[in-house]
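Below is one structure, written out as structure tokens; the observations come after it.
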Amino acid sequence: MPALDDATRGRLLFGGDYNPEQWPASVWDDDVRLMRAAGVNLVTVGVFAWAALQPDPGRFTFEWLDDVLDRLHAGGIGVALATPTASPPPWLGHRHPDTLPQGPDGVRRLYGSRNQYCPCAPAYRRAALVVTEALAARYARHPALRMWHIGNEYGTACHCEHCARRFRGWLARRHGDLDGLNAAWGTAVWSQRYGSWEEVLPPRRMQYIGNPTQELDYQRFVSDALLECFTAERDAVRAANPAVPVTTNFMDFYRHTDGWRWAAEEDFVSLDTYPDPNDPDAALRGAMSQDLMRSLGGGRPWLLMEQSPGAASWRPVATPKRPGLNRLWSMQAVARGADGVLHFQWRASRQGAERAHGAMVPHAGPDSRVFREICELGSSLAALDGVAGTSVRADVGIVLDWDSWRAVELPHQPLDGFSYVDRLTEYYAPLWRDNVTCDFVRAGADLSGYRLVLVPNLYQVTPAALRGLRSYADGGGTLVMGPFSGVADPEERVFTGGWPAGLMDLFGVRVEEHWPLAAALPVSGEFGDFAAAGFAEWASSRGAAVVATARGGPLDGRPMVLRHGRAWYVATLPSAPAMRRLLRRVCAEAGVRPVLPDLPPGVEAVRRGDRVFLLDHDSLAVSVVAAPH
């Protein structure tokens, strides 16, 4: 299977989204000249060009794209050619209104923006394949082509009759028959039993609370339906030339498409990420997303497909990146396994919804701070010989389970707003600040390669997940689990008899009640006093040593942190300093060491291959040094 290594040809990729259809041909030569001056070697073309490529159903106008690709190739610039199917032209919605997405409120979303498609509408799928196959037939062996970029930021959901029909088929495959569906959805509650498949609908606006398992299954279904769209287009371009790698762009931590399932269908993983320059934790969030991409790809190099060189226009406060910040965050991505750094977009749009969005060539033109910094970044990346294709090793794995994520955030859980990604961040952040590199791992995966495995939340558990955790613990691994775990099965059926179900003996604990907190809970223990907030549990030790205990209130005397051999259970949400102290102790006992010890606060260290990247988030300085043995 082709990989990103083949596309890089031993060098880091650098560039951005190029939308020449927005500009007269007289600008194109200037674009290529400026790209060469900046060190650009890859641009993404065609993401939103469907109307320019196919102005009506029976006619293609490829001549302009022929010209663009030929000019780019002559300039030594490779192309990530996109299928433009994320933004259908108005003629599709006008002629086929059923291709427009319908919300759960029954209202159709009209054309005039982007993402206006139903992934289940036959007319949409036919039209998407027609344009994809035409592109593949014409350009699959063009010398500028380095990779295919399928669609864009998949995530559109629809609740129309097309989706209802496909949802019923999906449910029949998952649950077998109506008896299986009724059992899985618990339809004995509130007289919801279904007597025919025609009665089954997508979640729509209802009189009161909907069935949570129906909602959960629909989230799974939408991810699978979108994946079918991706794989259909992927197969079409692969058939034309199997040697060209294929990807699509993920969006940080995005609940609606199961990253583990999607990444398995790509040749390499790509990321669109837009940390907020006003967010003091932006670098933390960037690193976390980058580690996720590397992990989804099984440790292989990945591609930073989009970031803004300046402002992200869709933010309420669209502050540009201050001088040096784009280079710093770009190098952070390379340090964490990216083999390329691209931007949205090359030249700032003069019109349209993104006219205020940052660009490599801003409205001020090449005589600007932003373009000068782009040129400096191009030079920095070109100087990093031998980095492309190398790997990043982590001793810590953090379990991320898409089904638990979806289910724990369903309505009418004990704590409204129990954020799964917040739980991941609470465990990831102290390790990032201590320069301990982490992978994310799938529930049920082989965990034996890690010294320490963290499970911030595993609300739903499967037999495979239980086997994986037990096997890891039996092999001598150190394991830490957070609260509200082992509560339900994949059909959102709550386990009885105490929690975490299937793991109480491993952790030496039994939880009887989940206890959301309206006020801070004082806790004291071996790693100091702290205040827990948001959530706690009524737990008791079943052989575990109590490490920290609640003080005062109805939970007074209840254990909040317990240890059973090398297995730790945290029955609340400790403060950030307390979590850092706890994880430092656990890391020390597990033999987990920072990349470099005793660095000043704000300095991030990441080892990639035989080099260590040092990123100072205070001064914005970057150094790359030989890795210590």
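The values are calculated or read from the model by the stated rules, or taken from the named source; none is laboratory data. Every value quoted in this text rests on a predicted model; they were computed, and no experiment measured them. Every residue, glycine as well, gets a Cβ built from its backbone with ideal geometry; the counts of neighbours run over all protein chains shown.
Numbers at a glance
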| quantity | calculated |
| --- | --- |
| Checklist (1) at pLDDT 95 or above; (2) on the phi < 0 side of the Ramachandran plot applied to Phe527, failing item | (1) |
| Test result for Thr319, outside the structural domain of Phe48 (by TED's automatic domain parsing), of a type outside the set (Gly, Ala, Ser), farther than 27 Å from Val27 by Cβ and at pLDDT 95 or above | no |
| Test result for Ala263, hydrophobic (A, V, I, L, M, F, W, C), surrounded by 18 or more Cβ atoms within 10 Å (Cβ to Cβ), free of Cβ contacts under 8 Å to residues at least 40 places away in the same chain and within 24 Å of Arg607 (Cβ to Cβ) | yes |
| Residues (farther than 17 Å from Val523 by Cβ and either in contact with a helix residue (DSSP H, G or I) (Cβ under 6 Å, 6 or more places away or on another chain) or of a type in the set (Lys, Arg) (or both)) located in region 585-606 | Arg593, Val606 |
| Search result, residues across region 308-325 that are within 23 Å of Arg433 (Cα to Cα) and buried (at least 19 other Cβ atoms within 10 Å of the Cβ) | Lys321, Leu325 |
| Qualifying residue in region 223-242 (condition: in the same structural domain as Ala140 (by TED's automatic domain parsing), touching a strand residue (DSSP E or B) at 6+ places or on another chain (Cβ under 9 Å), not in a helix (DSSP H, G or I) and not acidic (Asp, Glu)) | yes |
| Matching entry among Arg542, Arg493, Arg558 (being among the basic types (Lys, Arg), surrounded by 14 or more Cβ atoms within 10 Å (Cβ to Cβ) and without any contact (Cβ under 8 Å) to a residue 24 or more places away in the chain) | Arg558 |
| Listing of strands (runs of 3 or more DSSP E) fully contained in region 246-331 that carry 1 or more residues being under 10 Å from the mean Cα position of the chain (by Cα) | 249-251, 270-272 |
| Cβ pairs under 9 Å, 6+ apart, first in region 496-518 and closer than 18 Å to Ala550 by Cβ, second assigned to a helix (DSSP H, G or I) | Arg510/Met504; Val511/Met504 |
| Any hit, region 472-487, residues being over 19 Å from Tyr427 (Cβ atoms), touching a residue at least 12 places away in the same chain (Cβ under 8 Å) and not in a loop (DSSP other than H, G, I, E, B) | no |
| Condition met for Val441 (buried (at least 22 other Cβ atoms within 10 Å of the Cβ), among the β-branched types (Val, Ile, Thr) and not assigned by TED's automatic domain parsing to the domain that holds Ala576) | no |
| Number of the condition not met by Val606 [criteria: (1) crowded, with 16+ Cβ neighbours inside 10 Å; (2) in the same structural domain as Ala429 (by TED's automatic domain parsing); (3) closer than 21 Å to Val453 by Cα] | (2) |
| Some residue of region 56-76 being farther than 14 Å from Trp346 by Cα, among the basic types (Lys, Arg) and in contact with a helix residue (DSSP H, G or I) (Cβ under 9 Å, 6 or more places away or on another chain) | yes |
| Checking Gly151 against (1) on the phi < 0 side of the Ramachandran plot; (2) surrounded by 21 or more Cβ atoms within 10 Å (Cβ to Cβ); (3) assigned by TED's automatic domain parsing to the domain that holds Gln307, the condition it does not meet | (1) |
| Answer from Ala394, Ala359 - the residue that is under 19 Å from Arg327 (Cβ atoms) and part of a loop (DSSP other than H, G, I, E, B) | Ala359 |
| Pairs with Cβ under 9 Å, 6+ apart, first in region 200-211 and in contact (Cβ under 8 Å) with a residue 12 or more places away in the chain and closer than 19 Å to Gln413 by Cα, second assigned to a loop (DSSP other than H, G, I, E, B) and among the hydroxyl-bearing types (Ser, Thr, Tyr) | Asn211/Thr187 |
| Matching entry among Arg285, Arg294 (being in contact with a helix residue (DSSP H, G or I) (Cβ under 9 Å, 6 or more places away or on another chain), over 24 Å from Cys229 (Cβ atoms), assigned by TED's automatic domain parsing to the domain that holds Leu12 and basic (Lys, Arg)) | Arg285 |
| Cross-chain or 6+ apart pairs with Cβ under 6 Å, region 147-169 first and in a loop (DSSP other than H, G, I, E, B), then basic (Lys, Arg) | Ile150/Arg234; His159/Arg204 |
